1. Go through segment 97-121 residue by residue and tally those that are at pLDDT below 90 and part of a loop (DSSP other than H, G, I, E, B).
2. Kindly indicate the residue of segment 54-74 that is within 15 Å of the chain's Cα centre (by Cα) and without any contact (Cβ under 8 Å) to a residue 12 or more places away in the chain and also nearest to residue 105 (Cα to Cα) among those meeting that condition.
3. Among the residues of segment 67-84, which ones are surrounded by 15 or more Cβ atoms within 10 Å (Cβ to Cβ) and touching a strand residue (DSSP E or B) at 6+ places or on another chain (Cβ under 8 Å)?
4. With respect to the numbered conditions (1) within 14 Å of the chain's Cα centre (by Cα); (2) not in a helix (DSSP H, G or I), which one is the sole condition not fulfilled by residue 92?
5. Looking at segment 62-80, can you tell me whether even one residue there is farther than 27 Å from residue 22 by Cβ and assigned to a helix (DSSP H, G or I)?
6. Scan segment 97-113 for residues that are surrounded by 14 or more Cβ atoms within 10 Å (Cβ to Cβ) and either closer than 22 Å to residue 58 by Cα or touching a residue at least 40 places away in the same chain (Cβ under 8 Å) (or both) and jot them down.
7. Is there a residue being more than 24 Å from residue 110 (Cα to Cα), surrounded by fewer than 11 Cβ atoms within 10 Å (Cβ to Cβ), without any contact (Cβ under 8 Å) to a residue 40 or more places away in the chain and under 14 Å from the mean Cα position of the chain (by Cα) anywhere in segment 46-53?
8. Spot the failing condition for residue 30; the list is (1) farther than 19 Å from residue 104 by Cα; (2) assigned to a helix (DSSP H, G or I); (3) modelled with pLDDT under 95, and only one is missed.
């Protein structure tokens, strides 16, 4: 068992213990995806109202995202996108009005932009 080999316990976990831990992890990740989708939807709504647009006329927005959880945690980005789609559709927007896109190596792009902004003295 992988858990026992990496984290030796005096009493090995039972199948029920492992099932419980797995379920808790699933619930926590679902909640985290919902929170992320809610925050993104809130910013999208704020931008839409600040520009005097209705949700239906706000157009398509792509959100660049990165990080280990969004990139590597199984199904996290897809679950977050599902919640985001539900929220935007409830607002009256077209399906997939806000899309999450993985921004690979985004730290390098940020550094490149910073270097381009430096003025010659």
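The values are calculated or read from the model by the stated rules, or taken from the named source; none is laboratory data. Note that the coordinates shown come from a computational prediction; the quantities given were computed from them, not determined experimentally. Using ideal geometry, Cβ is built from the backbone for each residue, glycine included, and neighbour counts are taken over all protein chains shown.
1. Final tally of qualifying residues: 7.
2. The qualifying residue nearest to residue 105 (Cα to Cα) is 67.
3. If the condition is that a residue be surrounded by 15 or more Cβ atoms within 10 Å (Cβ to Cβ) and touching a strand residue (DSSP E or B) at 6+ places or on another chain (Cβ under 8 Å), then 70, 77, 80, 81, 84 are the ones that fit.
4. All conditions are met except number (1).
5. Initially, segment 62-80 is screened for residues farther than 27 Å from residue 22 by Cβ, giving 62-64.
Checking which are assigned to a helix (DSSP H, G or I) leaves us with none.
The answer is no, given that none of the residues of segment 62-80 is farther than 27 Å from residue 22 by Cβ and assigned to a helix (DSSP H, G or I).
6. Step one: of segment 97-113, the residues surrounded by 14 or more Cβ atoms within 10 Å (Cβ to Cβ) are 97-98, 100, 103.
The answer is 97, 98, 100.
7. In the first step, residues of segment 46-53 are kept if they are more than 24 Å from residue 110 (Cα to Cα); the result is 46, 48-53.
Now drop any that are not surrounded by fewer than 11 Cβ atoms within 10 Å (Cβ to Cβ), which leaves 46, 50-52.
Add one more test, that the residue is without any contact (Cβ under 8 Å) to a residue 40 or more places away in the chain, and what stays is 46, 50-52.
Filter again for under 14 Å from the mean Cα position of the chain (by Cα), leaving none.
Checked segment 46-53: no residue is more than 24 Å from residue 110 (Cα to Cα), surrounded by fewer than 11 Cβ atoms within 10 Å (Cβ to Cβ), without any contact (Cβ under 8 Å) to a residue 40 or more places away in the chain and under 14 Å from the mean Cα position of the chain (by Cα).
8. Unmet condition: (3).
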